[in-house]
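Peer 1: Sharing a structure here in structure tokens format.
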Amino acid sequence: MNITSKHQRVECTFPARLEALKDIRLFIEMHCMQWGVSKRQCWALVLACDEICSNIIRHGYRLIDGETLSLGLSMDEHSCSVTIRDTAPPFNPVRMPRREFNLARSGHGLDLANRVARIVYLPKRGRRCYNITSISVPIVETD
Amino acid sequence: MNQGFRADLEPKGKGIFVIRLRGYLDAYTAPQLDTLIAGLLEQNSNRIIVDCAELDYISSAGLGVFMAYIEPIRAAGGDLKFCSLNERIAMIMDMLGFQHIFHITEHFDQALRAFEIPSD
């Protein structure tokens, strides 16, 4: 794990494995706490990031070992954001339609992520050999 | 911020089993829960209360386990009821419409009574 920090931006690279989800959540929670992000907004960011990372690991990388996810966490006066970089085959988390409730076992993660955070997805293109998923929540002062 | 997970099983008599969830239920830990519920169904134990009093976090992977089993549980004459959700978990279940299909109670005793008193 390699962490660099400057002002209110930190970056960290994680193995693209489901076991790493807890470390990803801890990474976000720890810094959100330090930066004074509200618990509600921190939870939303953690949940959306967990869902997106799970999908990249399972459906993008297809659980293949040795791949990584690079996370950048940043905050300005308007929002707190996580930017995820991965090199998996493009897997668009934004185009998933909101669905009505049904008994499907999977597919609700993207819906959930889209409900608690703003998500923007840029698939790898041209010279950029990685996908970028940006997850952001607005800054609010109280829980 | 311990991010571990446990699912403990407790028989309550009259064929009712309680699954007490603790910690963080995500895509990595959900298979533990899946195995536990599958084991109950194999024994025809299909009256299940999921006590979430000590569950700190759940993602869609955890919720997907319940979605996968609710139909076979009800087809076998049983049910799966939730109790003691914290605010965040209640919010997630609400977002996904869980309240329309699962019986969710505030307290454990209410869930237990709901099994003991047959509904019409």
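The values are calculated or read from the model by the stated rules, or taken from the named source; none is laboratory data. All values reported here derive from a predicted model rather than from experimental measurement. Neighbour counts run over all protein chains shown; Cβ positions are idealised from the backbone, glycine included.
Each row is one residue, and each column tells you yes or no for (1) under 20 Å from A:L110 (Cα atoms); (2) of a type in the set (S, T, N, Q); (3) surrounded by fewer than 18 Cβ atoms within 10 Å (Cβ to Cβ); (4) within 11 Å of chain B (Cβ to nearest Cβ).
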{"position": "A:L26", "(1), (2), (3), (4)": "no, no, yes, yes"}
{"position": "A:C49", "(1), (2), (3), (4)": "yes, no, no, yes"}
{"position": "A:S54", "(1), (2), (3), (4)": "yes, yes, no, yes"}
{"position": "A:G60", "(1), (2), (3), (4)": "yes, no, no, no"}
{"position": "A:L63", "(1), (2), (3), (4)": "yes, no, yes, yes"}
{"position": "A:T68", "(1), (2), (3), (4)": "no, yes, yes, no"}
{"position": "A:M75", "(1), (2), (3), (4)": "no, no, no, no"}
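Peer 1: Next up: Does B:I92 satisfy the criteria of being out of contact with any His (no Cβ under 9 Å at 6 or more places or on another chain), at the interface with another protein chain (Cβ under 9 Å from one of its Cβ atoms) and under 18 Å from B:A114 (Cα atoms)?
Peer 2: no
Results for (1) closer than 25 Å to A:V116 by Cα; (2) more than 10 Å from chain A (Cβ to nearest Cβ), shown as yes or no for each residue.
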site: B:I37; (1), (2): no, yes
site: B:L40; (1), (2): no, yes
site: B:S45; (1), (2): no, yes
site: B:I49; (1), (2): no, yes
site: B:L55; (1), (2): yes, yes
site: B:I58; (1), (2): yes, no
site: B:G62; (1), (2): yes, yes
site: B:F66; (1), (2): yes, no
site: B:G78; (1), (2): no, yes
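Let's see how each residue does on (1) at positive phi; (2) surrounded by fewer than 22 Cβ atoms within 10 Å (Cβ to Cβ); (3) not β-branched (V, I, T):
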{"site": "B:L25", "(1), (2), (3)": "no, no, yes"}
{"site": "B:E42", "(1), (2), (3)": "no, yes, yes"}
{"site": "B:S60", "(1), (2), (3)": "no, no, yes"}
{"site": "B:R74", "(1), (2), (3)": "no, yes, yes"}
{"site": "B:G77", "(1), (2), (3)": "yes, yes, yes"}
{"site": "B:E87", "(1), (2), (3)": "no, yes, yes"}
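Peer 1: I want to confirm something. Restricting to segment A:28-47 and keeping residues that are surrounded by fewer than 22 Cβ atoms within 10 Å (Cβ to Cβ) and small (G, A, S), which single residue is farthest from the other protein chains (Cβ to nearest Cβ)?
Peer 2: This residue is A:G36.
Peer 1: Please determine whether any residue of segment B:83-101 is hydroxyl-bearing (S, T, Y) and closer than 23 Å to A:S54 by Cβ.
Peer 2: Within segment B:83-101 (the criterion being hydroxyl-bearing (S, T, Y) and closer than 23 Å to A:S54 by Cβ), the answer is no, since none of the residues qualifies.
Peer 1: Taking only segment A:93-130 into account, find how many residues are surrounded by 13 or more Cβ atoms within 10 Å (Cβ to Cβ), at pLDDT below 70 and either more than 12 Å from the chain's Cα centre (by Cα) or among the hydrophobic types (A, V, I, L, M, F, W, C) (or both).
Peer 2: The qualifying residues number 6.
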